[in-house]
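The values are calculated or read from the model by the stated rules, or taken from the named source; none is laboratory data. Note that this is a predicted model, so its numbers are computed, not measured. All Cβ positions, glycine included, derive from the backbone under ideal geometry; neighbour counts span all protein chains shown. Just so you know, the surface numbers come from the protein's heavy atoms only, side chains and all, with ligands and any DNA or RNA stripped out. Shrake-Rupley method; radii C 1.70, N 1.55, O 1.52, S 1.80 Å.
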Amino acid sequence: MSSVINVTKRQGGFQYSSLGDDFEDDDAMSYDSEDHSNAGTEDVEMDVGDAKRGGNSDIVTPGELITDDPVWMRGHGTYFLENLTYSSVAGTVSRVNRLLSVIPLKGRYAPETGDHIIGRIAEVGSKRWKVDIGGKQHAVLMLGSVNLPGGILRRKSESDELQMRSFLKEGDLLNAEVQSLFQDGSASLHTRSLKYGKLRDGMFCQVPSSLVVRSKNHTHNLPGNVTVLLGVNGFIWLRKTSKMDLSRDAPPGGSTGAGGESVRGPTGATSLNPSSNVSITRLEEESSWQIYSDENDPTISSSIRNTICRYANVIKALAYCEVGITQERIISAYEASMAYQNVGSLIERDVMESIGNDVITVEKMRGANQ
């Protein structure tokens, strides 16, 4: 006979333990000696007798028992008490070899190298900007990681440091890429491309970062002459579609507009040599002082503004229904919202639930047809 601590049930949102006895088979609570001897070289499988220990898809809540096997190494989202491993957050169980962790369902954004994010300038420091990206810490944008006006590729001087607020100041929004991570987990950003830079001529909205589905491209042109930038950190920017946005989706063959006029980029960049077929990454010819301009486009019509507001509200509806944010779902929700003339009514609870149900129904029908 053996007596162990075993969790039997939950009561009032907390767990309590009881003594288990009269086990018919002691081997059910222990590993075979041969398997135990090879634990250092082979992946140890969890006890499948517990429904909460089956694999990476199990959802656990704070204080819930994950495993009673001391072989597992404890990772993020777990804690150890009396030889038992419990979850400290609400999330899904993840197993990597012998490392056991819990990925939270909701939480602050954790940056990764290569992420396309949107942030807000929080502080201007010495040769760097501190950027709020919705994470546990502010990200850092170094002066050497931005493009100088005019596309001049040279070392940054003291005069450039004195003009930092003329480039980006507190409160400015920008989209950038995570270049690297520091040892403390904070991110280093860069904007060395015309698809990154200061944002204007649009509207900002925010959703939980876990709802933004990662993809190869996070900038999409939507119906109604609107472009959306989906930041992996949950920050979203909606703006009027520019000619540079259209040229990005167009076949190769030049970046000039109709009639050979210069093409203004999404961040305000203007081609200095419109007759040459240069790519969007040719910073020497595409950058100009207008990249860091604070002036919005005065020619944006009220219909475009109304369309941008409609897209912002349908994105809020998707977030309310906890539906992942993708280009296809945004377009589907936008089409469903056309049944409501008043844009402000789209954020009412019943309307948001109706839009979310329509999007899910369309996806089910699309999957059935495939």
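What the table below lists for this structure:
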{"read-out": "Those strands (runs of 3 or more DSSP E) lying entirely in region 158-258 with at least 2 residues of a type in the set (Val, Ile, Thr) and surrounded by 16 or more Cβ atoms within 10 Å (Cβ to Cβ)", "value": "226-230"}
{"read-out": "Region 310-331 - residue that is open to solvent by 90 Å² or more (accessible area, probe 1.4 Å) and without any contact (Cβ under 8 Å) to a residue 60 or more places away in the chain and, of those, nearest to HIS220 (Cα to Cα)", "value": "GLU328"}
{"read-out": "Residue in region 283-298 that is modelled with the lowest pLDDT, counting only those that are open to solvent by 100 Å² or more (accessible area, probe 1.4 Å) and not in a helix (DSSP H, G or I)", "value": "GLU295"}
{"read-out": "Qualifying residue in region 144-154 (condition: at pLDDT 90 or above, under 23 Å from the mean Cα position of the chain (by Cα) and either surrounded by fewer than 18 Cβ atoms within 10 Å (Cβ to Cβ) or closer than 17 Å to ASN175 by Cα (or both))", "value": "no"}
{"read-out": "Test: THR361 is of a type in the set (Val, Ile, Thr), modelled with pLDDT under 90 and surrounded by fewer than 17 Cβ atoms within 10 Å (Cβ to Cβ)", "value": "no"}
{"read-out": "Filter result for THR256 (at pLDDT 75 or above and hydroxyl-bearing (Ser, Thr, Tyr))", "value": "no"}
{"read-out": "Condition met for ARG128 (modelled with pLDDT of 90 or more, touching a Leu at 6+ places or on another chain (Cβ under 6 Å) and open to solvent by 30 Å² or more (accessible area, probe 1.4 Å))", "value": "no"}
{"read-out": "Selection status of TYR334, among the hydroxyl-bearing types (Ser, Thr, Tyr), free of Cβ contacts under 8 Å to residues at least 60 places away in the same chain and either closer than 24 Å to LEU229 by Cα or surrounded by 19 or more Cβ atoms within 10 Å (Cβ to Cβ) (or both)", "value": "no"}
{"read-out": "Every pair of residues 6+ apart whose Cβ atoms lie under 9 Å, when the first sits in region 201-229 and is acidic (Asp, Glu) while the second is surrounded by 16 or more Cβ atoms within 10 Å (Cβ to Cβ)", "value": "ASP201/ARG239; ASP201/LYS240; ASP201/SER242; ASP201/PRO266; ASP201/GLY268"}
{"read-out": "Residues of region 99-115 classified as open to solvent by less than 20 Å² (accessible area, probe 1.4 Å) and in a strand (DSSP E or B), total", "value": "3"}
{"read-out": "Number of positions in region 180-197 that are in contact with a Ser or Thr (Cβ under 8 Å, 6 or more places away or on another chain), over 11 Å from VAL140 (Cβ atoms) and either free of Cβ contacts under 8 Å to residues at least 40 places away in the same chain or of a type in the set (A, V, I, L, M, F, W, C) (or both)", "value": "1"}
{"read-out": "Residues located in region 64-98, provided they are part of a strand (DSSP E or B) and open to solvent by 70 Å² or more (accessible area, probe 1.4 Å)", "value": "MET73, ARG74, TYR79, PHE80, LEU81, VAL96"}
{"read-out": "Failed criterion for GLU123 (all others in (1) under 22 Å from GLY185 (Cβ atoms); (2) free of Cβ contacts under 8 Å to residues at least 40 places away in the same chain; (3) part of a strand (DSSP E or B) hold)", "value": "(2)"}
{"read-out": "Long-range neighbours under 8 Å by Cβ, at least six apart or interchain, first residue under 18 Å from ASP294 (Cβ atoms) within region 147-168, second of a type in the set (Gly, Ala, Ser) and at pLDDT 80 or above", "value": "ASN147/GLY197"}
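A quick yes/no check of all residues on (1) under 21 Å from VAL213 (Cβ atoms); (2) at pLDDT 90 or above; (3) of a type in the set (Ser, Thr, Tyr); (4) in contact with a strand residue (DSSP E or B) (Cβ under 6 Å, 6 or more places away or on another chain):
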site: ASN313; (1), (2), (3), (4): yes, yes, no, no
site: LYS316; (1), (2), (3), (4): yes, yes, no, no
site: TYR320; (1), (2), (3), (4): yes, yes, yes, no
site: TYR340; (1), (2), (3), (4): no, yes, yes, no
site: ARG366; (1), (2), (3), (4): yes, no, no, no
